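Have a look at the structure below before the remarks.
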Amino acid sequence: MSVLKITEVSKLFGATRAVDSFSLTVEDGELVCLLGPSGSGKSTLLRMVGGFAQPTAGSISIDGEEIIHLPPEKRPTGMVFQSHALWTHMNVFKNLAFGLKLRKLPKDEIDRKVEEVLELVGLSGYGGRLTHQLSGGQQQRVALARSLVLEPKILLLDEPFASLDQHLRERLREEVRDIQQRLKITTLFVTHGQDEALALADRIVVMRDGKTEQVGRPDIVYREP
Ligand code: ADP
Ligand code: ADP
């Protein structure tokens, strides 16, 4: 069953066609990597799916609902950025509980959900730490947890590990794949790294100049750059 339907979406910034009549359908539980060089429109597309930017033309729907018609708190997406944008004055627990408090969940339920998600990302017992006391990899795990705790329908990841070193990047990649499969959460992952896309994706969409250049299973899409 398809969850996300992007139909002939374009985004113009002045004369720049960041996204150019782009279409894609994503199935429930699928992990799709958007792969392409810098400036190919990946982030702009992801931001539109997240409801952070409006398409100039076209339609984006999740479970049949147009994303631009939904108020921010009803958007069924969770986004993780390259720079984690955690709240540094709050500890890990508070970072994760914040969105749940806005939803007015009872305290014991918030505690339970935060504990569960911390375990999922391998950070049990880190609730009391201030985020600036954590390593870069741990901070990105918290950023991921902060999205997941709200149980989004679709997880959106924009080069989440780009600022980490190669070794850590590969480890976190495995962790994300593992978590994604356990939760069976539909995921769009933006990267300019071919190895990252190959390691992660059920399907790769290669973007260039805001358009789809190629789309298919990793073993079909793969070729030398
Ligand atoms: P990618 O994520 O693949 O690097 P982007 O989506 O960031 O690509 O950018 C696609 C194109 O749109 C680039 O030419 C970029 O400069 C342009 N662009 C992105 N955001 C804006 C913006 N807010 N204002 C003007 N141009 C933008
Ligand atoms: P990414 O690393 O995801 O490709 P960029 O570094 O291109 O993103 O852009 C970071 C921010 O700057 C985004 O909010 C984007 O919309 C904006 N931006 C990108 N290109 C331009 C541009 N040419 N003019 C104005 N804003 C831009």
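What the table below lists for this structure:
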| quantity | calculated |
| --- | --- |
| Residues located in the stretch 28-37, provided they are within 16 Å of ligand 2 (Cβ to nearest atom) and among the aliphatic types (A, V, I, L, M) | Leu34, Leu35 |
| Filter pass, Lys211 being out of contact with any strand residue (DSSP E or B) (no Cβ under 9 Å at 6 or more places or on another chain), open to solvent by 60 Å² or more (accessible area, probe 1.4 Å) and not acidic (Asp, Glu) | no |
| Glu73 being away from ligand 1 (no atom under 12 Å from the Cβ), among the charged types (D, E, K, R) and at pLDDT below 95 | yes |
| Meets criteria (of a type in the set (Gly, Ala, Ser), in contact with a strand residue (DSSP E or B) (Cβ under 9 Å, 6 or more places away or on another chain) and in contact (Cβ under 8 Å) with a residue 40 or more places away in the chain) for Ala57 | yes |
| Hits in the stretch 134-150 (condition: in contact with a strand residue (DSSP E or B) (Cβ under 9 Å, 6 or more places away or on another chain) and either without any contact (Cβ under 8 Å) to a residue 60 or more places away in the chain or hydroxyl-bearing (Ser, Thr, Tyr) (or both)) | Ser147, Val149 |
| Among the candidates Val92, Val80, residue that is under 29 Å from His132 (Cβ atoms), touching a Phe, Trp or Tyr at 6+ places or on another chain (Cβ under 9 Å), away from ligand 1 (no atom under 14 Å from the Cβ) and among the β-branched types (Val, Ile, Thr) | Val92 |
| Helices (runs of 4 or more DSSP H) completely within the stretch 79-182 that count 2 or more residues being open to solvent by less than 30 Å² (accessible area, probe 1.4 Å), within 25 Å of Ser38 (Cα to Cα) and of a type outside the set (Ser, Thr, Tyr) | 136-148 |
| Qualifying residue in the stretch 190-201 (condition: open to solvent by less than 10 Å² (accessible area, probe 1.4 Å), among the β-branched types (Val, Ile, Thr) and farther than 22 Å from Trp87 by Cα) | yes |
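Here is a yes/no grid of residues against (1) modelled with pLDDT of 95 or more; (2) more than 12 Å from ligand 2 (Cβ to nearest atom); (3) in a loop (DSSP other than H, G, I, E, B):
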residue: Ile6; (1), (2), (3): yes, yes, no
residue: Val9; (1), (2), (3): yes, yes, no
residue: Ala18; (1), (2), (3): yes, no, no
residue: Val26; (1), (2), (3): yes, yes, no
residue: Gly39; (1), (2), (3): yes, no, yes
residue: Leu45; (1), (2), (3): yes, no, no
residue: Pro55; (1), (2), (3): yes, yes, yes
residue: Ser59; (1), (2), (3): yes, yes, no
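The values are calculated or read from the model by the stated rules, or taken from the named source; none is laboratory data. All figures in this text were calculated on a predicted structure; none of them were measured in a lab. Virtual Cβ from ideal backbone geometry, glycine too; neighbours counted across all protein chains shown. For accessibility, only protein heavy atoms count, side chains too; no ligands or nucleic acids. Shrake-Rupley method; radii C 1.70, N 1.55, O 1.52, S 1.80 Å.
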